[in-house]
Each structure stands twice: as C-alpha cells, then as structure tokens.
1. Considering only residues of region 64-112 that are in a helix (DSSP H, G or I) and in contact with a strand residue (DSSP E or B) (Cβ under 8 Å, 6 or more places away or on another chain), which is surrounded by the fewest Cβ atoms within 10 Å (Cβ to Cβ)?
2. Given the residues 104, 74, which is the only one that is closer than 12 Å to residue 13 by Cα and modelled with pLDDT of 95 or more?
3. So which of 129, 133 is open to solvent by 20 Å² or more (accessible area, probe 1.4 Å), farther than 21 Å from residue 9 by Cα, modelled with pLDDT of 90 or more and not β-branched (Val, Ile, Thr)?
4. Could you look through region 44-63, keep only residues that are surrounded by fewer than 17 Cβ atoms within 10 Å (Cβ to Cβ) and over 22 Å from residue 16 (Cα atoms), and pick out the one that is farthest from the chain's Cα centre (by Cα)?
5. Determine which single condition residue 122 fails, assuming it passes every other condition in (1) of a type in the set (Asp, Glu); (2) at pLDDT below 95; (3) under 17 Å from residue 14 (Cβ atoms); (4) surrounded by 12 or more Cβ atoms within 10 Å (Cβ to Cβ).
Amino acid sequence: MELGIMEKIYYISDWNVSPGHYEYDKHRFPQAYIELAQWYIINWKDIPSQIIGKNNVIIANTPVNDELAKLKILSQLMDNNDVYVVQEGTAWDWCDWPAKEQELYVEILSKTKGFLYSNEYDRKMMEVFTPNFIKVPPCTNKYIETPRE
C-alpha cells in the first residue's frame with residue numbers, strides 16, 4: 001500500500017498521551033522515523049474513536065497489561081487494515097501470558113503484515129510464528145544522526 005503525504009499511520013501504544021502527532025527525540029522507535037511518516041499515536045482506549053473505516057496502516061505495540069482485551073481489539077482491526085506488530089520488551093515476554101492470550105497473539109502474528117524487529121535473535125525466535133519481518137532500529141539512548149531509508 002502506497003501512502004499519500006497526508007494519510008495517517010496509526011501507532012497504537014500504551015503511552016499515556018492524547019491522540020495526535022508528536023515531536024519526539026530521534027533516538028527511539030518509532031520516533032526515529034518520525035520525519036519519514038505521519039505517525040499518529042493513539043492509546044488502546046482511543047481506538048474506537050480514532051481508527052475509522054478500513055485500509056488503514058496500523059502499527060501496534062504488543063500490549064502491556066490487560067493483554068487479552070487489547071489483543072481482541074487488534075484481531076478485529078486485522079480484518080480490514082494492514083496491521084504491523086512491534087514487540088514491546090523482549091521477543092518472549094508474551095510467553096508469560098496466560099494460554100488464551102498466547103493463542104490469540106500467535107494467531108495475530110500469523111496474519112500480521114510485518115513483525116518489526118531490531119535484532120536477529122528476535123527474528124530467529126519469531127520466525128516460527130510469522131514469515132513477515134521488517135528490520136527497525138533498536139530503542140537506544142543514542143541519537144540517530146545519519147539519514148534513514
């Protein structure tokens with residue numbers, strides 16, 4: 001899917017921010033790419049009022065807390081949108097979830113347009129669950145000064 005300059009790319013996170021575009025330091029993902037995409041950050045609770053229609057591009061952080069409810073929302077979004085998953089924490093944090101959450105997450109991974117990873121270890125661990133990967137910079141305390149493609 002090719003995006004026009006004004007279209008939104010929704011980034012669903014557990015950050016406590018109001019929906020919108022933000023200016024962030026360029027040392028964190030997805031903010032490291034903030035000037036290359038129209039990131040529109042929303043919280044899980046804001047999804048019903050913010051993501052409207054279909055054929056949206058949605059990037060979702062793996063949820064933290066109340067995972068089952070959030071995964072159900074994400075699963076519904078996958079029916080009519082291009083959804084990408086970003087792992088929050090390590091690639092195996094979700095293995096500590098109860099079985100229902102794990103089962104739904106594996107189903108989501110099998111349908112995702114891409115799993116965003118920052119190191120080869122995560123990719124190797126997750127390739128059992130999805131064939132679709134996009135390499136992204138890791139979240140670091142170092143500012144990115146070089147051009148990004």
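The values are calculated or read from the model by the stated rules, or taken from the named source; none is laboratory data. What you are looking at is a predicted structure, and each value in this text was computed from that prediction instead of being measured. Cβ atoms come from the backbone with ideal geometry, glycine included; neighbour counts cover every protein chain shown. Accessible surface is based on the protein model in full, side chains and every heavy atom, while ligands, DNA and RNA are left aside. Shrake-Rupley method; radii C 1.70, N 1.55, O 1.52, S 1.80 Å.
1. Going through the qualifying residues, I end up with 111.
2. Among 104, 74, only 74 is closer than 12 Å to residue 13 by Cα and modelled with pLDDT of 95 or more.
3. On inspection, the qualifying residue turns out to be 129.
4. 53
5. Going through the list (1) of a type in the set (Asp, Glu); (2) at pLDDT below 95; (3) under 17 Å from residue 14 (Cβ atoms); (4) surrounded by 12 or more Cβ atoms within 10 Å (Cβ to Cβ), residue 122 breaks only (3).
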